[in-house]
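The values are calculated or read from the model by the stated rules, or taken from the named source; none is laboratory data. None of these values were measured; they are calculated from a predicted model. Glycine also receives a Cβ, built like all others from the backbone with ideal geometry; neighbour counts cover every protein chain displayed. Just so you know, the surface numbers come from the protein's heavy atoms only, side chains and all, with ligands and any DNA or RNA stripped out. Shrake-Rupley method; radii C 1.70, N 1.55, O 1.52, S 1.80 Å.
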Amino acid sequence: MLTERGMALKAKIEAIGYRAVECYPGAAQDLWGIPRQHKDRAGLLAGLGKLGVKGLPEVLTGDELDAATAALVGRWFLRGKGEQIGGDQGIVIPSVPRKRSGQESLKSLTFKDYRG
C-alpha cells in the first residue's frame, strides 16, 4: 500500500513538471553518522539539528524524522552535495567523504550496499 501511494505521489509530482527522486533515509543517516529512528529517535532529532535542520518539534515520530532526513537529502542533492546511485531510477544519498579505505566511488554503489 505504501509503495502504491508513493508511486501515485511521484506521478502527480512529475505531472506538474517536477523531477521526483527516491531517497533512503537510513543510508543518509549512516553516511552523516547520525542514529536511525529505531535505534535512537531523540539522537536522530539532535543529529538533524546539528546538520542545520531547524524547527523540528520533539514530538515528531521516527517516520516524520525520516521524512525530514529525506527533505535534507533532496536539498543537498539540489545544491550539488548529493549523488544518485543505481542510475536514473536509483536512490539519492548525500555526498560525504568515505571512511573506509579502498571504497569504490558512490556512483558505482547500489541500493544493496546501503541496507542496514
Residue 59 - accessible surface, heavy atoms, 1.4 Å probe, Å² rounded to 10: 130 Å²
Local electrostatic count at residue 70 - Lys and Arg +1, Asp and Glu -1, tallied over other residues with Cβ under 11 Å: -3
Estimated vicinal HN-Hα couplings, Hz - segment 36-53 in sequence order (Karplus 6.51, -1.76, 1.60; Gly, Pro = x): 7, 4, 7, 9, 7, 4, 5, x, 5, 4, 5, x, 5, x, 5, 7, x, 7
Approximate spin-label separation residue 78-residue 3, in nm, with each point projected 7 Å along Cα-to-Cβ: 2.9 nm
Accessible area of segment 43-95 belonging to carbon and sulfur atoms, whole % at 1.4 Å probe: 53 percent
Interchain or long-range residues, amide H under 5 Å from residue 83's placed H: 93, 95
Under Karplus coefficients 6.51, -1.76 and 1.60, residue-wise ³J(HN,Hα) of segment 13-22 in Hz, glycine/proline x: 5, 5, 5, 9, x, 9, 8, 10, 10, 9
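Which of the GluC sites (Glu not before Pro) found in segment 1-84 are loop residues per DSSP with 15 or fewer other Cβ atoms within 10 Å of their Cβ?
Numbers: sites: 4, 14, 22, 58, 64, 83; in loops: 58.
Loop-located and lightly packed - 58.
FRET efficiency for residue 50 and residue 20, Cβ-Cβ distance as r, R0 = 25 Å, nearest 0.05?
Numbers: r = 28 Å, r/R0 = 1.11.
With a Förster radius of 25 Å, E is 0.35.
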